[in-house]
1. Please name all residue pairs, on different chains or six or more residues apart, with Cβ atoms under 7 Å, provided the first residue is in the range 55-75 and is closer than 17 Å to Val33 by Cα and the second residue is not in a helix (DSSP H, G or I).
2. For the range 60-83, name all the residues that are in a helix (DSSP H, G or I) and surrounded by fewer than 14 Cβ atoms within 10 Å (Cβ to Cβ).
3. Could you list all residues from the range 43-59 that are exposed (fewer than 15 other Cβ atoms within 10 Å of the Cβ) and under 18 Å from Ser27 (Cβ atoms)?
4. Please verify whether Ala28 is closer than 19 Å to His79 by Cα and at pLDDT below 95, treating the condition exactly as stated.
Amino acid sequence: MGNKTKAEKTTDLPCGIPTEAEKKPFSAIDSMVAWEEGSLSEEGVQELFQYLIDTGMAWTLQGAYGREAQRLIEAGICHAATA
């Protein structure tokens, strides 16, 4: 791929799909900030809230998180944590 640095390199795959090493790992904090700003995608909201539900954090954070988690469970977007 020429002389691109690691930071400039977007993928080793010819179709433009990032390799596993290039994908940004899930960050609950980054996702929470994006959700509060209204800039988190629907997929991101589902991933974030399922994580918060699974870890129990949805019920210990400020009330908006618990209410949204409950709404997503009732809508069938997320599922309740299993014991």
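1. Listed pairs, sorted by first residue: Ala69/Cys78.
2. Taking the range 60-83 first, the residues in a helix (DSSP H, G or I) are 63-74.
If the condition is that a residue be in a helix (DSSP H, G or I) and surrounded by fewer than 14 Cβ atoms within 10 Å (Cβ to Cβ), then Gly63, Ala64, Arg67, Arg71, Glu74 are the ones that fit.
3. Glu43, Gln46, Asp54, Thr55
4. Numbers: closer than 19 Å to His79 by Cα: yes; at pLDDT below 95: yes.
Yes.
The values are calculated or read from the model by the stated rules, or taken from the named source; none is laboratory data. All values derive from a computational prediction rather than experimental measurement. So basically every Cβ, Gly included, is an ideal-geometry build from the backbone, and we count neighbours across all protein chains shown.
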